[in-house]
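Let me begin by presenting the structure, written as structure tokens, before commenting on it.
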Amino acid sequence: FFFKQKTAYEIPLRLVGSEMCIRDSKYLKSLFKKKKLTGPVFIAGGDNLSDFDLIKMIDLYEKSNSDVIGLFDVENIELAKLYGIANLEGNRIIDFVEKPSSPPSTLAATAYWLLSESGINNFFTYIESGGDRDAMGNFLTWNVKRNSVLSVSFKGSWYDIGGLESYSEAQNWLEKRP
């Protein structure tokens, strides 16, 4: 498959797996090794639904050669407690906390990640040094303390359809779209 956009990008895409949730670091490590993926790798969680222009993440990667994470402002501190939350300096993520009791912001990490070649290497280092293998957010917490991780803060509609309520909201949103 090839992804073509109006800019000069022509990015080869391969569907490499969908049977496990991307938040499972053990699965990703196995997938990266089995498919010999070295980066950049765009990861999109199957439990995310949005109208985001994801090309913005590719544009930022092309300019910076850094990992890029998609963020969405949930605009509510109570809601922010349910997500992994980023604290920014400009567009650089300087801290990331998974489901904080006192969120530093309302900028939730979506399951849209673009990992650079060094990001993939950092991921292997994290796993091989005993990092938590069950949640990708824990890798992000580790990675932002050691490496430059940038972000794109999206506006629009975003649904994490892992729960019944948000799944229902997403269905309603889809039914109203042209």
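Worth pointing out:
- Taking a point 7 Å from the Cα of residue 166 along the Cα-to-Cβ direction, the residues of the stretch 109-123 with backbone N closer than 17 Å to it are 109-113.
- When a 1.4 Å probe is rolled over the protein heavy atoms, the share of accessible surface on the stretch 57-178 that falls to carbon and sulfur comes to 46 percent.
- Kirkwood hydrodynamic radius of the stretch 83-167, Cα pairs, Å: 13.8
- A 1.4 Å probe run over the protein chains yields, for the stretch 40-178, 50 Å² of accessible area per residue, whole-number rounding.
The values are calculated or read from the model by the stated rules, or taken from the named source; none is laboratory data. Computed from a predicted structure; not experimentally measured. Positions of Cβ are backbone-derived with ideal geometry, glycine not excepted, and every protein chain shown enters the neighbour counts. Note: areas computed on protein heavy atoms with side chains; ligands, DNA, RNA excluded. Shrake-Rupley method; radii C 1.70, N 1.55, O 1.52, S 1.80 Å.
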